[in-house]
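A.B. asks: Encoded as structure tokens, here's the structure I'll be asking about.
The values are calculated or read from the model by the stated rules, or taken from the named source; none is laboratory data. No experiment lies behind these values; they were computed from the predicted model shown. So basically every Cβ, Gly included, is an ideal-geometry build from the backbone, and we count neighbours across all protein chains shown.
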Amino acid sequence: MKNISIIGGGIGGLTTALCFEKLGIEYTLYEKVNKLKTVGAGIWLSPNALQVLEWINPSLLHSIQRSGNSFNKILLTNHKLQPIRDSSQDFVKDMFGYTTLAIHRGVLQKILYSFINNKANIQLNKGFESYFQNSDHSYTINFHDQSTQITNVIIGADGINSKVRQQIFPKSKLRYSGQTCWRGVADFELDNNLVSAGFTLWGKKLQFGVSKLENGKTYWFAVMLSEPNLQENRETVKTKLIELFSQHHPIVTTLIQNTSANKIIRGDLSDLEWMNKWHTNTICLIGDAAHAMTPDLGQGGAQAMEDAFYLSNLIHQSNAFDVAFNNFYNLRKTKVKKLVEQSRLTSKMAITNKPLELLRNIILKYSPEKVLQKQMIETYTIDKTICGV
Ligand SMILES: Cc1cc2nc3c(=O)[nH]c(=O)nc-3n(C[C@H](O)[C@H](O)[C@H](O)COP(=O)(O)OP(=O)(O)OC[C@H]3O[C@@H](n4cnc5c(N)ncnc54)[C@H](O)[C@@H]3O)c2cc1C
């Protein structure tokens, strides 16, 4: 087997490493940070992601389930927390065995790392800078610490601002959604009726999402329209957010008040203009590097995990990497493209003007449950017939 380098140890990179270990595929993973820290806020992991984790190792899934909080419903409300749509997740549980769960992103990353058998395969403090192709078709990777590595295959799992993508597809373009997002984890326990729900408040041209992470910890995110690249002021961020959401249900203010200002993260929301190819020769992109989407459907991380699952199995079945990479794109493009488009559309629906808001709420309220269930089933299904093991 050829020498494979994974660039990036986030959700997609670590999951690929775990899939490779399961299938006996050798690899080395290079991650730019020097320590895997428990930073970040929360993330929702849907049943398609959980099925990948279960396939890798049922103990890995159990570990994640023990550290997270599963939902029995996904609730969409107006800004006063009055339901627009209440989707019970019972049918999801019946069908897949589990429902979406919320977990701290840093905890997720640590658990994924802890299940790597051969830790020597994970090299931290190795930021990919560039590569060049050698006459024997291998690549020399240049890292930020001036070191180099010769490899036959590169998997770019280096996220939305991927340097691997910038080198192989310099014309690829990020599209700013027009929205910026703050995320935090409050030291606060939700009321009993909300602890098992993932819920989002839409209204007043703002969006606020909430879910319990673990006892005493609640994850939230706040989204508004904004110019890009604005800097945050730590001194004033809480007062600003409380003022912004002053017309919302008081739970919003309570959560912001109970969050340390130092731990509120701000980031502009963008997605990647669709690409007609994710690979060139034996270099392939996965996850956000290939198809970053806005977070509105909570599917970016799940799709990075699905990529890891499908790509590793296709590599396992084929000795020709360019063939495996081509098959990978063909297998994934329909589902992923639809999710990128639906996420973008949902981001526009979430924050809109008053007349459209009323129309949106009516449509959402009266959409047949069967239609929504069908969409969820499509998103949550993975094709296990591809599995080599
Ligand atoms: C506000 C927000 C909320 C979200 N909520 C959800 C959710 O609830 N559910 C969900 O499924 N998805 C969610 N997402 C999307 C999800 O975070 C991403 O889709 C997911 O993290 C993509 O995984 P990835 O491995 O491709 O990239 P990342 O997880 O971003 O990992 C990239 C890794 O590469 C490393 N790296 C970067 N550059 C280099 C380099 N040059 N050399 C080496 N290493 C490098 C980084 O340090 C990082 O570890 C959300 C996104 C946002 C912005």
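A.B. asks: Report whether or not residue 110 is in contact (Cβ under 8 Å) with a residue 40 or more places away in the chain and within 11 Å of the ligand (Cβ to nearest atom).
C.D. replies: Numbers: in contact (Cβ under 8 Å) with a residue 40 or more places away in the chain: yes; within 11 Å of the ligand (Cβ to nearest atom): no.
It is false that residue 110 is in contact (Cβ under 8 Å) with a residue 40 or more places away in the chain and within 11 Å of the ligand (Cβ to nearest atom).
A.B. asks: Continuing with this model, one more query. Please specify each residue of the stretch 150-176 satisfying the condition of being within 10 Å of the ligand (Cβ to nearest atom) and under 19 Å from residue 344 (Cα atoms).
C.D. replies: 159, 160, 161
A.B. asks: Hey, any hits in the stretch 137-150 for a residue that's touching a residue at least 60 places away in the same chain (Cβ under 8 Å), crowded, with 19+ Cβ neighbours inside 10 Å and within 20 Å of the chain's Cα centre (by Cα)?
C.D. replies: No, every residue in the stretch 137-150 fails to be touching a residue at least 60 places away in the same chain (Cβ under 8 Å), crowded, with 19+ Cβ neighbours inside 10 Å and within 20 Å of the chain's Cα centre (by Cα).
A.B. asks: Looking at 158, 187, which is the one that is touching a residue at least 60 places away in the same chain (Cβ under 8 Å), acidic (Asp, Glu) and touching a helix residue (DSSP H, G or I) at 6+ places or on another chain (Cβ under 9 Å)?
C.D. replies: Testing whether each residue is touching a residue at least 60 places away in the same chain (Cβ under 8 Å), acidic (Asp, Glu) and touching a helix residue (DSSP H, G or I) at 6+ places or on another chain (Cβ under 9 Å) leaves just 158.
A.B. asks: Only one residue in 370, 348, 333, 374 is within 21 Å of residue 179 (Cβ to Cβ), in a helix (DSSP H, G or I) and out of contact with any strand residue (DSSP E or B) (no Cβ under 7 Å at 6 or more places or on another chain), so which one is that? If you could, list the steps in order and put the result at the bottom.
C.D. replies: On the way: 370 fails: within 21 Å of residue 179 (Cβ to Cβ); 333 fails: within 21 Å of residue 179 (Cβ to Cβ); 374 fails: within 21 Å of residue 179 (Cβ to Cβ).
From the options 370, 348, 333, 374, the qualifying one is 348.
A.B. asks: Kindly list, by first and then second residue, each pair from a residue in the stretch 234-256 that is within 22 Å of residue 217 (Cα to Cα) and modelled with pLDDT of 95 or more to a residue that is of a type in the set (D, E, K, R) and part of a helix (DSSP H, G or I), limited to pairs with Cβ atoms under 7 Å and residues at least 6 apart or on different chains.
C.D. replies: Note: pairs meeting the criteria are 256/238.
A.B. asks: Every residue in the stretch 120-167 that is over 24 Å from residue 328 (Cα atoms), small (Gly, Ala, Ser) and part of a loop (DSSP other than H, G, I, E, B), please.
C.D. replies: 127, 135, 147
A.B. asks: Could you grab the pairs with beta carbons closer than 6 Å, sequence gap of 6+ or different chains, first residue in the stretch 118-130 and at pLDDT 95 or above, second one within 9 Å of the ligand (Cβ to nearest atom) and of a type in the set (Val, Ile, Thr)?
C.D. replies: Taking only residues 6 or more apart or on different chains, the pairs are 128/7.
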